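The values are calculated or read from the model by the stated rules, or taken from the named source; none is laboratory data. As the structure is a computational prediction, the values presented were derived from the model and not from experiment. Don't worry about glycine lacking a Cβ; one is built from the backbone with ideal geometry, like all the others, and counts go over all protein chains shown.
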Amino acid sequence: MIENIRELLKAHEGLRREVYLDIENSSIIPKEVVDTMLPYFNQHAYGNPTLTHKPGWEAYEAIMKASQEIAMFSGCKTLEEVNFTPGETEANNLALMGTAFSMTGEGKKIVISEIEPLSVLHVANLLQKHGFTVVKVPVNEEGLINLEKLRETVDKETILVSLSTVNHEIGTIEPVKEALEIVKDKNPKTIFHTDASDAYGKTAFNMKDLNVDLATISSYKILGPRGTAALCVKEGVTIKRIIEGQIGTQKLWPGIENTPLIVGFAKASELAFHNFEENVNHMRRLRDKLIDGVTAKISDVKLNGPENDRRAPDNVNISFLKCEGEALTIELSLNGVYVSSGSACTRRLLQPSHVLVAIGRKFALAHGSILMKVTRYHTEEDVDYVLEVILKAVGRIRGIVGSVEVDSHV
Amino acid sequence: MSRTPLPYNRKILELFRNPKNLGKMEDATVTAVAGNPSCGDMIIFYLKINDEEVIEKASFESYGCAANIATSSIVTEMIKGMNIKDAWKTSWKSVVEAVGGLPSVKFHCGILAVGALKRAIRIYYEKREVSPGWLPKELTFEEKQALEEEELAKILSNRMKDEGEK
């Protein structure tokens, strides 16, 4: 297998340009963030932050400083509200299971939207197997949650509602504030969680303004290192730990803190919020250039998710009819454009993204979806190149499809 | 269960980049379709068969992944110049072998390609209203699998229609 991978890599030699747009699944870490992290691996603060020696105290200081910075950027009242975890998946697991474990006797109902990320959806499904009731509230064609349905669903039995601030796949900015009001109005005891991984550092997300109980924020989605994220827990809200072991500085996540990554997360936050307006406007401009370029030049395409200000500034998700997503991602990769597709091949059939199915995309459109996210580091020239490559790639793949009838209604 | 990147080999990559025998054949003796777009997997085979029952030309069109394209293409290569009886003996395992191996999640691509070929051969004889002794009445494994995939697609799309009407 490794030999095949080497051959695949060799097939990429001599590329004129490379543009990485798969920020949904991993990111390139800017040099400034890497440089900030490096000394923490072997020169400074390499100790355990709970121990009584110099490298330990240094680590404690570094983690507290990072917590303070992230608390400030995310609008947490105190640094105590910032709880580092080893990633968004873990933070979302902690939010759901930690709430379920702590609300014993309060009810058994968990409410999420139909388009939550798998680290919410699968955990909810798991809890369902353990006696909880899970209700998935539908969304409209743009991915906006049906607030009326939410109002009908939340009751005295509801212990938790989880709704992303920005949808990870189609960039829909959800009405979290309204949803929260509805939920608390129906049941003040219900814990409200939002996965803000795609909102933090890219939209006006702020714990204080939003006043949610729990929020997941991501490091790699703002170009920090993978392997760290945080669950913001509002003062006064208590949830249970979901794994046990030696407790360190993080009350909700035992084990030894990864100081360099936490420091990198804080640095990435600082960079995202430095010239915030300018960064966001830059992303928005490139996002629209990409969307407009594709829709103007290529027939039978459909934008997934809303437009303009109702869409995350970085998110581009487009379905190409008569184009199978995996074939398209490989063709794009061979030309230096790195993106992901919504559908994943299982043993027998292609599994369309649950988000695209929820917004009513038929299989033939869902299978040809491509997800791209732009960053402040991308340039106009990058987007010009991506457009050139996509146009050629779609043309070639559709040439192979030829007269095969791929109806957009199936 | 875990996920790996699809480790396509050099042969599949080459057939994906430069598929052999690609395109609609205007003077085809027989055409067969297999698969369904809702499974992300659909092929058309075109065969030009002469009076001696030899496959003179074979071509394909495909909506599917790189493995689907590569296996369809290799099948057309394998059967070109063969008589129908020999072409019928093509198995999905020989197709997987001919492309130098497939990731197991992609076996169904090779199966579908052979299913489409066997379907084309049956259609050829049905049109001529002859039934050679070597041609089994019962569907082969590959044909059954192709049918199953198509049935599955129908169930899926009906389920989606139901949900759309909710």
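So the values come out like this:
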quantity	calculated
Cβ pairs under 7 Å, 6+ apart, first in the stretch A:50-66 and within 17 Å of A:LEU261 (Cβ to Cβ) and among the charged types (D, E, K, R), second modelled with pLDDT of 95 or more and in a loop (DSSP other than H, G, I, E, B)	A:GLU58/A:HIS44; A:GLU58/A:ALA45; A:GLU58/A:GLY47
Selected residue (only one of B:VAL95, B:VAL114 is hydrophobic (A, V, I, L, M, F, W, C) and closer than 19 Å to B:ASN36 by Cβ)	B:VAL114
The stretch B:1-32 - residue that is polar (S, T, N, Q) and over 18 Å from A:SER403 (Cα atoms) and, of those, surrounded by the most Cβ atoms within 10 Å (Cβ to Cβ)	B:ASN9
Residue in the stretch B:35-52 that is nearest to the other protein chains (Cβ to nearest Cβ), counting only those that are at pLDDT 95 or above and crowded, with 16+ Cβ neighbours inside 10 Å	B:ILE44
Tabulated pairs, the stretch B:21-32, first within 12 Å of chain A (Cβ to nearest Cβ), second surrounded by 18 or more Cβ atoms within 10 Å (Cβ to Cβ) and β-branched (Val, Ile, Thr), C-beta under 6 angstrom, 6+ apart or interchain	B:ASN21/B:THR76
Residue match in the stretch A:273-280 (condition: touching a Phe, Trp or Tyr at 6+ places or on another chain (Cβ under 8 Å) and either part of a helix (DSSP H, G or I) or outside the structural domain of A:ILE370 (by TED's automatic domain parsing) (or both))	yes
Hits in the stretch A:92-109 (condition: of a type in the set (D, E, K, R) and either assigned to a loop (DSSP other than H, G, I, E, B) or touching a His at 6+ places or on another chain (Cβ under 7 Å) (or both))	A:GLU106, A:LYS108
Selection status of A:LEU286, surrounded by 20 or more Cβ atoms within 10 Å (Cβ to Cβ), on the phi < 0 side of the Ramachandran plot, within 14 Å of chain B (Cβ to nearest Cβ) and outside any loop (DSSP other than H, G, I, E, B)	no
Residue tally, condition without any contact (Cβ under 8 Å) to a residue 60 or more places away in the chain, in a loop (DSSP other than H, G, I, E, B) and at the interface with chain A (Cβ under 7 Å from one of its Cβ atoms), over the stretch B:6-20	1
A:GLY368 more than 8 Å from every other protein chain (Cβ to nearest Cβ), at positive phi and touching a Leu at 6+ places or on another chain (Cβ under 9 Å)	no
Test: A:THR249 is part of a loop (DSSP other than H, G, I, E, B) and of a type in the set (Val, Ile, Thr)	yes
Members of the stretch A:20-29 that are more than 14 Å from chain B (Cβ to nearest Cβ) and over 18 Å from A:ALA327 (Cα atoms)	A:ILE23, A:GLU24, A:SER27, A:ILE28, A:ILE29
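Yes/no per residue for (1) surrounded by 21 or more Cβ atoms within 10 Å (Cβ to Cβ); (2) within 9 Å of another protein chain (Cβ to nearest Cβ):
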residue	(1), (2)
A:VAL374	yes, no
A:VAL383	yes, no
A:VAL386	yes, no
A:LEU391	no, no
A:VAL394	yes, no
A:SER403	no, yes
A:VAL406	yes, yes
